[in-house]
Amino acid sequence: MSITVDVGLLSGKTATVKAGLDEEVGALKRRAQIALGVGRGRLVDSSGSVLDACAPIKCTRLQNGDLLTLHINRVQVQAARNSFAAILGDGSVVTWGSADNGGDSGAVQDQLKNVQQIKASTFAFAAILGDGSVVTWDDAATGGDSSAVQDQLKSVQQIQASATAFAAIVADGSVVTWGSVVDGGDSSAVLDQLKSVQQIQASRFAFAALLADGSVVTWGDATAGGDSSAVQDQLKDVQQIQASALAFAAILGDGSVVTWGDAGGGGESSALQDQLKNVQQIQASGYAFAAVLADASVVTWGHAEYGGDSSAVQDELKNVQQIQASGYAFAGVLADGSFVTWGSAADGGDSSTALKEIGGEEVLLHLIQLFVNIVLTPILITSIFTQPVWCVVFSVIPIFGSWGTRMSCLNFIGVELENPFGQDDNDLPLDHFQGEMNNCLLMLLHSSADLLPDVDITRCLTDVDEIRDVMSGMEVRKQASERPEMIHVPSCRGSLVDRAWSLDLIAPIEASTTIQSTIQVRAPSQDERPFEKIEEKPKGGEDKLKTEEQLQTEAMLRGMERMVANLQSIKSAVEEQANKASEALA
């Protein structure tokens, strides 16, 4: 026995796939991937449930003619110190690198299905599955063994990792931790405070949790930010937390900043409190912080060699739109597309040898070329040649001669306008747009979605002829209301002209005859204008409004009568001109 189903992509492309009932869902999925010409994905049924690739088809609820959706996700990669783990499109995981430090997931490979997210500590990985459970592997000392808390790891929403421990937020807002006890793997001391947790940030050896009421709870190594008691009374209405290797920084609702942890690593900012106002964003390197203020200026603090001192470029840090950080340096993107860097010169803090502008110098160069080619070239050519023809030829060749190269400014601008999508800095990220659209559509298919996509049968038109009639009537009424002086006789023009010829209203004219005539066609009067509602009073005395169909029929008849009258006028004019031509020839 076999089953035939339709498998579709979110783009609308579909394929019909056949498989035996004794085969696994994975075999059906592989055939669908080949038929659709795509990579690995997850098969989702009409209810939004992901089908287990290892389950036999006969054990599923699939039936002939079912419509399945193949979800294709981008590959996600996470890195530990000596290994990598990647989530493939079908939700499976592959690992490589040091076998003892996360690169070998063979012991849990059969559990790594429908994986949603992976986090890495120094030598271990933790993966959240589609059902909210968690799978961990490798170095137990750094969080690779979660067996002690496995019964608590249910409905996990988010995982955060320090260097040697993990912390997971579950659906009820509580937190489960495991790994190195002294570095955040044990949260029992603050367990009663960890309620309604919204976000967790991790330094190298500590954690900080942001609660729903805007307060903060910390645990782990006190020297790395695990103890916030010194600033606890200031940690109110916290909006965002950022972490360096050994410290934390929190943005409050009023735009001020509170820091704690290792002073040399950014945990001490008291000297800058008068500058840290209206802070919009904070980024952290290994041992320093950088804050973007509302006026687009930047304030930095922490270890100078890690970007904590930006005095050398402070005059350039204006109109900053965004900041990114490496482990040892910062880069600020300005409004004009240029960027400014500072920190360890050997680790990205010195960009003097790199291009100073992202696409800016290239555009400026082409604009200069455009001015030279269009203005100066014709002036120089006209001073050499006296004949206009040669001036035109030698003016056009320099301007458009290098059409196939990037040195042609006109070609460069034309290509960018014609195709704005691509991978260049000036292009729009079409792949990103498609990915975001697909993610939004996937939300509608989720089993927990509040509103499921559906069709209102009472309002949906499924008959093509009915849709055409409705659209035609709407267009006619629109044109009639906008231009009442024009006569509209839909789908009757050809038949009326044919009838006019058959009634001999238009006589054939020989090619040798010259006709000059002017015919004035009057516009319909107010009572002749089509599709307007006309009120009549029958003899019974009751007001009766004509139906729209009757009005359209009457308007069509009036239009036909006027057309016949006009054709008769044309015939008379033609006959008169023909008689005059005959008399002239005689």
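The values are calculated or read from the model by the stated rules, or taken from the named source; none is laboratory data. Given the structure is predicted, the values throughout are model-derived calculations rather than measurements. A quick note on method: Cβ atoms are made from the backbone with ideal geometry, for glycine too, and the neighbour counts reach across all protein chains shown. Protein only, heavy atoms only, side chains kept; ligands, DNA and RNA dropped before computing areas. Shrake-Rupley method; radii C 1.70, N 1.55, O 1.52, S 1.80 Å.
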(message) P(r) for the stretch 65-109, please, calculated from all Cα pair distances in 5 Å bins and given in %.
(response) 6, 21, 24, 18, 11, 8, 6, 4, 2, 1
(message) Considering only C-alpha atoms, what is the centroid distance from the stretch 39-81 to the stretch 198-231, in Å?
(response) 38
(request) Figure the gain on full extension for PHE421 and ILE384 (residue separation times 0.36 nm, minus the Cα-Cα span) and round it to one decimal in nm. (result) 9.0 nm
(message) If amide hydrogens are placed 1.01 Å from N in the peptide plane, which non-local residues have theirs closer than 5 Å to the one on VAL94?
(response) ALA86, LEU88
(request) In Å and from the alpha-carbon atoms only, list the Rg and Dmax of the stretch 119-163. (result) 9.8, 26
(message) Given points 7 Å out from each Cα along the Cα-Cβ axis, report the LEU557 to ALA294 separation in nanometres with one decimal.
(response) 7.4
(request) Return, ordered by residue number, the residues of the stretch 258-282 whose backbone nitrogen is under 13 Å from a label point located 7 Å along Cα→Cβ of GLN239. (result) 258, 277-282
(message) Just to verify a number: what accessible area does MET437 come out at with the full protein assembly present, 1.4 Å probe, Å² rounded to tens?
(response) 110
(request) Express in Å², to the nearest 10, the accessible area of GLU316 obtained by rolling a 1.4 Å probe over the protein heavy atoms while all chains stay in place. (result) 100
(request) List the residues whose amide H sits under 5 Å from the amide H of GLN280, counting only those 5 or more places along or on another chain, with H placed 1.01 Å from N in the peptide plane. (result) VAL292, LEU293, ALA294
(request) Take the alpha carbon atoms of the stretch 559-581, find their center, do the same for the stretch 257-324, and report the distance between the two centers in whole angstrom. (result) 88
(request) Show the residues, 5+ positions off or on another chain, whose built amide H is closer than 5 Å to the amide H of TRP137. (result) PHE125
(message) Could you give the length gained by full extension between ALA271 and SER569, i.e. 0.36 nm per residue of separation minus their alpha carbon distance, to one decimal place?
(response) 97.6 nm
(request) Would you kindly state how much longer the chain becomes between ASP431 and SER582 on full extension, computed as 0.36 nm times their sequence separation minus their alpha carbon distance, in nm to one decimal? (result) 46.9 nm
(request) Please work out how much accessible surface ASP100 shows to a 1.4 Å probe, ignoring ligands, DNA and RNA, in Å² rounded to 10. (result) 120
(request) For the stretch 74-227, state what percent of all Cα-Cα pairs lands in each successive 10 Å bin, counting from 0 Å until the bin that includes the largest distance. (result) 13, 44, 33, 10, 0
(request) Would you work out the charge dipole size for the stretch 216-325 about its Cα centre, treating the Cβ of every Lys and Arg as +1 and the Cβ of every Asp and Glu as -1, and quote it to the nearest 20 debye? (result) 220
(request) Determine which residues of the stretch 241-260 fall in the zone a paramagnetic label at ASP213 would reach in this model, i.e. backbone nitrogen under 11 Å from the point 7 Å along Cα→Cβ. (result) none
(request) With only Lys, Arg, Asp and Glu charged, each at its Cβ (+1 for the first two, -1 for the last two), find how big the charge dipole of the stretch 2-71 is about the Cα centre; round to the nearest 20 debye. (result) 200
(request) Order ARG31, ARG558, most accessible first, counting only protein heavy atoms with a 1.4 angstrom probe. (result) ARG31, ARG558
(message) What three numbers, in Å, describe the spread of the alpha carbons of the stretch 2-71 along their principal axes, ordered from the longest?
(response) 29, 23, 20
(message) Could you check the spin-label model distance between LEU441 and THR16? Points 7 Å from the Cα along Cα→Cβ, value in nm.
(response) 2.2
(request) At 20 °C and 1.002 mPa s, grab the translational diffusion coefficient of the stretch 153-286 from Stokes-Einstein with a Kirkwood Rh over Cα pairs, rounded to a whole number in µm² per second. (result) 147
